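Shown next, in structure tokens, is the structure this report addresses.
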Amino acid sequence: MKPKYMVHSSQARCIDSPVEQERLLALDWVIASPKPRTKDARRMRTKREQMRAAGWASLTLWVSPEQRAAIKGALHPGESYAALLLRLIEQRSLL
């Protein structure tokens, strides 16, 4: 059975167990659906799922302020960070 988002006047929980779902329904809990956190949350979630299914990967990178300044200095006008990374990899013949 699909997990259900269940709400009581004092709390909300996501319940996987059908037995627990039935027990809570008998105790005046109700089944609800969580609201998206932002107006575009559903669209963004769908887009992320599509990108992952197509083989894309999201990367997060933490750099120091000095490294950030060096990266900004290496960017060509209008160039994205992804394009910069690919350009530098090609220049170094790493691909």
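Looking at region 84-92, is at least one residue over 22 Å from LYS2 (Cα atoms), basic (Lys, Arg) and surrounded by fewer than 10 Cβ atoms within 10 Å (Cβ to Cβ)? Yes, there is a match, as at least one residue in region 84-92 is over 22 Å from LYS2 (Cα atoms), basic (Lys, Arg) and surrounded by fewer than 10 Cβ atoms within 10 Å (Cβ to Cβ). Checking each residue in region 17-29 for being of a type outside the set (A, V, I, L, M) and either surrounded by 14 or more Cβ atoms within 10 Å (Cβ to Cβ) or at pLDDT 85 or above (or both) picks out SER17, PRO18, GLU20, GLN21, GLU22, ARG23, TRP29.
Contact map, region 65-76: first residue in contact (Cβ under 8 Å) with a residue 12 or more places away in the chain, second residue surrounded by 11 or more Cβ atoms within 10 Å (Cβ to Cβ) and among the aliphatic types (A, V, I, L, M), Cβ cut-off under 9 Å, separation 6 or more or different chains; pairs are ILE71/LEU84; ALA74/LEU84; ALA74/LEU88.
The values are calculated or read from the model by the stated rules, or taken from the named source; none is laboratory data. Not measured: the values here are computed from a predicted model. Note that each Cβ is placed from the backbone with ideal geometry, even for glycine, and that neighbours are counted across all protein chains shown.
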